There are 2 protein chains.
Amino acid sequence: MKPNVAAAKAELSHLDMDESPATIRNKSRDFFWYSPVLKAEMDHLEADFVVNPKSEDEIIEVLKACYKHDVPVTMRGGGTGNYGQAMPLAGGCVMHVTGMNKIKEIGLGYVVAEPGIIIKELDTELKEKSGQELRMVPSTYSQASLGGFIAGGSGGVGSANWGALRDLGNINRLRVVTMEEEPRVLDFTGEELHRVSHAYGTNGIITEIEMPLAPAYDWVDLFVRFDTFRAATEFAGALAAEPGILIKLASVYAAPIAHKYFQRVKAHVSESDHLCGVMVAPHSMDGFKTLLDRFDEGEVIYRSDDVKWDRHPGPVFEYGWNHTTLRALKFEKDLTYLQVRYGDDIEKIMEAYETFSNDLYMHLEVMREGAGLSFAGLPIVKPLDKAGLDKLVAAHEKMGCLIFNPHRYTLEEGGRQAADQRQLDFKREADPKGLLNPGKMITWDEPDFDYSDMYSYAGILPKPEAAE
Amino acid sequence: MKPNVAAAKAELSHLDMDESPATIRNKSRDFFWYSPVLKAEMDHLEADFVVNPKSEDEIIEVLKACYKHDVPVTMRGGGTGNYGQAMPLAGGCVMHVTGMNKIKEIGLGYVVAEPGIIIKELDTELKEKSGQELRMVPSTYSQASLGGFIAGGSGGVGSANWGALRDLGNINRLRVVTMEEEPRVLDFTGEELHRVSHAYGTNGIITEIEMPLAPAYDWVDLFVRFDTFRAATEFAGALAAEPGILIKLASVYAAPIAHKYFQRVKAHVSESDHLCGVMVAPHSMDGFKTLLDRFDEGEVIYRSDDVKWDRHPGPVFEYGWNHTTLRALKFEKDLTYLQVRYGDDIEKIMEAYETFSNDLYMHLEVMREGAGLSFAGLPIVKPLDKAGLDKLVAAHEKMGCLIFNPHRYTLEEGGRQAADQRQLDFKREADPKGLLNPGKMITWDEPDFDYSDMYSYAGILPKPEAAE
């Protein structure tokens with residue numbers, strides 16, 4: 001099965017395609033460079049061509065033509081994924097959907113939109129027209145697309161209240177096109193949503209999305225300073241545990257993150273200050289202050305509706321989730337990060353904080369999980385090579401921490417190292433030739449893979465030096 | 001200190017007062033008759049006079065005159081409390097505030113209103129004018145006043161999502177008038193709220209209330225049938241534990257409650273059917289159905305937006321919370337109830353279900369509590385006298401269940417059998433003569449009371465037979 005790129009391209013020549021090599025290279029990349037491991041493996045990747053469909057019909061055309069000529073198709077939205085989700089391991093076609101950015105319907109509690117809409121634009125229009133907003137957004141919301149968030153994200157700003165993106169009720173409906181000789185258009189709800197949510201576009205192309213909404217309050221952004229990491233962590237947990245205090249974000253940044261990497265915060269903290277970044281509904285500020293007063297320490301150093309700084313720090317959520325690492329990377333380009341789940345066990349967090357103090361700076365995000373809470377860790381990791389990172393991951397796992405390894409480009413390795421049977425089954429049905437984002441689903445290529453080392457997709461484009 | 005009722009009455013004669021003995025008797029009563037014990041103790045109680053102030057100024061006049069003439073003042077809203085909260089143990093003045101029913105301000109996320117407003121009227125206007133509603137309401141919301149809910153309630157419909165009324169953030173501000181020679185008007189927020197919330201009006205009179213609001217969705221009412229009580233309980237818990245499924249109510253009615261006491265449900269269930277009553281946001285129905293499908297049993301027999309019955313059952317929340325007992329009492333006037341907290345321990349609930357199967361029918365309400373959930377029990381108890389009820393309470397406590405005894409008229413016995421120091425301290429300051437709702441705060445009258453038996457207020461009006 002050799003792709004006939006030229007034939008597919010010719011068949012699609014009436015569509016909007018990018019011709020400039022620089023644009024093609026640029027549109028073949030995402031935020032994979034968060035990881036030195038992925039940077040080494042994926043930096044050379046490039047699509048053969050980039051197409052920008054404007055409608056579901058055009059998507060179907062692309063899928064049909066590429067199916068016919070055996071050309072791989074990798075979906076891309078805003079390109080803010082940092083697991084290399086949107087990068088074409090085997091080249092072929094990269095399909096950009098940011099041109100499919102219409103809002104189709106706004107109702108009380110829900111919105112129907114196209115996948116390519118930039119989340120910030122969606123939220124701005126939702127607030128303006130209906131006083132509503134998405135329940136949760138990635139910290140990259142000014143660049144990320146809605147479809148990309150669903151296909152490649154797992155939660156974010158808002159998860160402190162609403163849980164993870166794949167929790168029941170956080171996505172209402174997905175319309176999906178298959179990659180068959182005659183592509184089918186399917187509407188998924190309920191359990192079926194899990195076939196394609198967080199599947200990196202490996203088994204279908206999302207063309208329409210219905211999401212639940214929450215009221216858009218004028219969230220109060222705050223930074224709260226603590227002397228100890230434990231106190232900051234305990235406060236963030238206690239805040240998220242109050243059912244009557246409505247919050248959207250509860251981040252914890254261990255010292256010296258704020259002083260070292262948060263440029264506009266630097267003047268207001270010392271090297272040893274630990275910080276919480278929180279978003280609180282205005283009508284929950286009394287409850288917030290009351291809770292904070294119950295803690296011995298905890299000093300509000302910034303409050304968007306009151307305490308002003310000479311230089312506006314911007315939205316507090318742009319310090320949380322993946323933006324914490326992003327800000328650090330601006331200062332030290334060799335830094336990296338991990339993604340850890342500690343559950344609700346603060347003692348385990350403290351153990352990790354002490355054990356790994358030479359390797360990383362702790363960064364936590366509180367999420368609702370089931371009936372309780374879970375702390376997600378996105379620590380900033382000091383420069384380490386692959387072997388060092390693998391060792392650090394193993395040490396976390398030994399401690400009982402679940403790692404979603406962000407130094408891997410496959411679904412399984414970035415997840416729970418096991419087949420997602422629903423995704424795999426649907427790929428069999430929807431992508432019989434295995435052309436959708438190839439190499440990202442191990443269990444499709446190599447069901448017996450043993451996870452003893454990083455998976456290396458056999459069909460990956462050769463690196464330039466190897467190709468010479 | 002002998003009250004001079006005539007003098008106080010004369011001083012207040014320019015205010016709206018009730019003269020008819022039937023009205024005075026009627027306005028001196030609440031839903032105390034839920035309890036056979038309270039019925040025996042309190043049935044004869046009657047105010048000397050009833051005054052209906054229309055403003056804070058008039059309230060101050062009443063408090064000043066009654067202070068001057070040593071006349072007890074008991075506050076009353078809609079009279080739906082079932083701990084005898086609004087009943088004048090020592091006679092004197094009952095102050096009805098349902099005339100103080102203005103909405104003063106509606107903002108995004110909050111409302112400012114007078115205490116006498118009927119909650120249903122408040123919610124109706126809130127929804128109409130702003131698309132919002134109170135976070136939680138009592139099942140008696142069509143009769144209950146907002147001030148009465150705060151002074152005498154603890155949670156209700158909405159607690160499945162927002163927790164208890166006294167949780168941080170669920171009341172924003174209370175304006176309170178003291179009963180001193182010169183009454184003071186105080187604004188309470190934060191920790192100060194606990195001085196007067198759920199204090200039965202024993203230490204100040206609430207004259208203005210600021211409450212947080214939630215979006216008013218067109219909640220879908222459902223009844224879901226189960227073969228076993230365990231399955232119904234597990235489903236209700238699982239539903240409330242899903243952060244992405246927005247609900248307002250998750251009630252569990254063990255068999256044969258629905259068949260025996262829910263007139264319009266009877267035709268749709270058998271004697272052995274256990275029922276859940278739930279309210280789900282329309283945009284969470286997909287999540288709800290998906291969750292229900294994960295349970296082996298669980299059949300939707302009523303859905304307000306779809307499955308219709310010949311005879312409309314009315315709002316599902318009017319089957320939950322205190323309404324469950326209320327409906328049973330319409331059939332068997334000697335029944336009564338308990339208020340039990342099981343925490344999140346379903347095995348303890350099952351143990352109680354089996355142990356007490358001869359004494360009661362289980363009825364549960366799921367609430368959010370801290371980072372988790374708690375099951376509140378309001379079981380329907382078969383006719384028992386005081387001794388029998390005391391034995392049943394003791395058996396629950398032995399099992400490790402917390403009881404809020406609804407067969408007592410004092411704050412302490414209906415709560416955790418201990419002084420609420422904040423309430424007591426504030427009473428010292430705000431009601432130096434002890435005239436506000438006397439006899440309801442044991443620690444004011446008798447700090448060394450040992451709770452070995454029911455408290456009996458020394459100043460209670462003598463029963464007619466005793467008076468003869």
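Some notes on this structure:
- Of all residues in the range A:134-150, those that are open to solvent by less than 20 Å² (accessible area, probe 1.4 Å) and assigned to a helix (DSSP H, G or I) total 4.
- Here B:Leu378 passes the criteria (1) away from chain A (no Cβ under 14 Å); (2) under 30 Å from A:Leu246 (Cβ atoms); (3) surrounded by fewer than 17 Cβ atoms within 10 Å (Cβ to Cβ); (4) of a type outside the set (Ser, Thr, Tyr) except the one numbered (3).
- Test: residue in the range B:45-56 that is within 20 Å of B:Tyr200 (Cβ to Cβ), small (Gly, Ala, Ser) and either open to solvent by less than 50 Å² (accessible area, probe 1.4 Å) or in contact with a Lys or Arg (Cβ under 7 Å, 6 or more places away or on another chain) (or both): yes
- Unmet requirement for A:Tyr337, which otherwise passes all of (1) more than 21 Å from A:Gly156 (Cβ to Cβ); (2) touching a residue at least 40 places away in the same chain (Cβ under 8 Å); (3) of a type in the set (Ser, Thr, Tyr): (1)
- Residues being at positive phi and within 17 Å of the chain's Cα centre (by Cα) - total across the range A:313-331: 1
- Test for A:Asn161: is it part of a loop (DSSP other than H, G, I, E, B) and within 13 Å of another protein chain (Cβ to nearest Cβ): no
- Within the range B:292-341, tally of residues that are within 14 Å of another protein chain (Cβ to nearest Cβ) and either exposed (fewer than 15 other Cβ atoms within 10 Å of the Cβ) or within 14 Å of B:Ala250 (Cα to Cα) (or both): 4
- Residue match in the range B:110-120 (condition: surrounded by fewer than 21 Cβ atoms within 10 Å (Cβ to Cβ), part of a strand (DSSP E or B) and within 14 Å of another protein chain (Cβ to nearest Cβ)): yes
- In the range A:232-254, the condition of being of a type in the set (D, E, K, R), surrounded by fewer than 21 Cβ atoms within 10 Å (Cβ to Cβ) and without any contact (Cβ under 8 Å) to a residue 24 or more places away in the chain is met by no residue.
- With respect to (1) crowded, with 22+ Cβ neighbours inside 10 Å; (2) modelled with pLDDT under 95, the lone exception for A:Gly400 is condition (1).
- Test: residue in the range A:351-372 that is open to solvent by 10 Å² or more (accessible area, probe 1.4 Å) and under 18 Å from A:Tyr83 (Cα atoms): no
- In the range B:206-218, residue farthest from the other protein chains (Cβ to nearest Cβ) [restricted to those that are more than 18 Å from B:Gly163 (Cα to Cα) and part of a loop (DSSP other than H, G, I, E, B)]: B:Asp218
- Among the residues of the range B:270-288, those that are in a loop (DSSP other than H, G, I, E, B) and over 11 Å from B:Ile257 (Cβ atoms) comprise B:Ser270, B:Ser272, B:Ala281.
- Being over 30 Å from A:Ile205 (Cβ atoms), open to solvent by less than 70 Å² (accessible area, probe 1.4 Å) and either in a helix (DSSP H, G or I) or among the charged types (D, E, K, R) (or both) is a condition met by no residue of the range A:409-416.
- Restricting the range B:173-205 to residues that are in contact with a Phe, Trp or Tyr (Cβ under 6 Å, 6 or more places away or on another chain) and within 14 Å of another protein chain (Cβ to nearest Cβ), the residue that is nearest to B:Asp123 (Cα to Cα): B:Leu174
- The residues in the range A:57-100 that are surrounded by fewer than 21 Cβ atoms within 10 Å (Cβ to Cβ) and of a type in the set (S, T, N, Q) can be counted, and the count is 1.
- Residues (touching a residue at least 60 places away in the same chain (Cβ under 8 Å) and open to solvent by less than 50 Å² (accessible area, probe 1.4 Å)) located in the range A:441-460: A:Met441, A:Met454, A:Tyr457, A:Gly459, A:Ile460
- Residue satisfying condition, being part of a loop (DSSP other than H, G, I, E, B) and either at pLDDT 95 or above or within 14 Å of chain B (Cβ to nearest Cβ) (or both), within set A:Ala255, A:Ala232: A:Ala255
- Listed conditions (1) without any contact (Cβ under 8 Å) to a residue 24 or more places away in the chain; (2) open to solvent by 10 Å² or more (accessible area, probe 1.4 Å); (3) in contact with a strand residue (DSSP E or B) (Cβ under 7 Å, 6 or more places away or on another chain) are all met by A:Val185, apart from (1).
- B:His274, sole failed condition from (1) surrounded by 24 or more Cβ atoms within 10 Å (Cβ to Cβ); (2) within 14 Å of chain A (Cβ to nearest Cβ); (3) touching a Ser or Thr at 6+ places or on another chain (Cβ under 7 Å): (2)
- Lone qualifier among A:Gly155, A:Gly131 - being open to solvent by 30 Å² or more (accessible area, probe 1.4 Å), at positive phi, touching a residue at least 24 places away in the same chain (Cβ under 8 Å) and within 14 Å of another protein chain (Cβ to nearest Cβ): A:Gly131
- Among the residues of this structure, A:Pro438 does not count as one that is surrounded by fewer than 18 Cβ atoms within 10 Å (Cβ to Cβ) and in contact (Cβ under 8 Å) with a residue 60 or more places away in the chain.
- Residue-level check: of (1) closer than 18 Å to B:Ile349 by Cα; (2) in contact (Cβ under 8 Å) with a residue 60 or more places away in the chain; (3) away from chain A (no Cβ under 14 Å); (4) buried (at least 19 other Cβ atoms within 10 Å of the Cβ), B:Asp227 misses just (4).
The values are calculated or read from the model by the stated rules, or taken from the named source; none is laboratory data. Quick caveat, the model's predicted, so the values are computed rather than measured. When we count neighbours, we look across all protein chains shown, and the Cβ atoms used for this are built from the backbone with ideal geometry, even at glycine. Remember, those area values only see protein heavy atoms, side chains included, never the ligands or the DNA or RNA. Shrake-Rupley method; radii C 1.70, N 1.55, O 1.52, S 1.80 Å.
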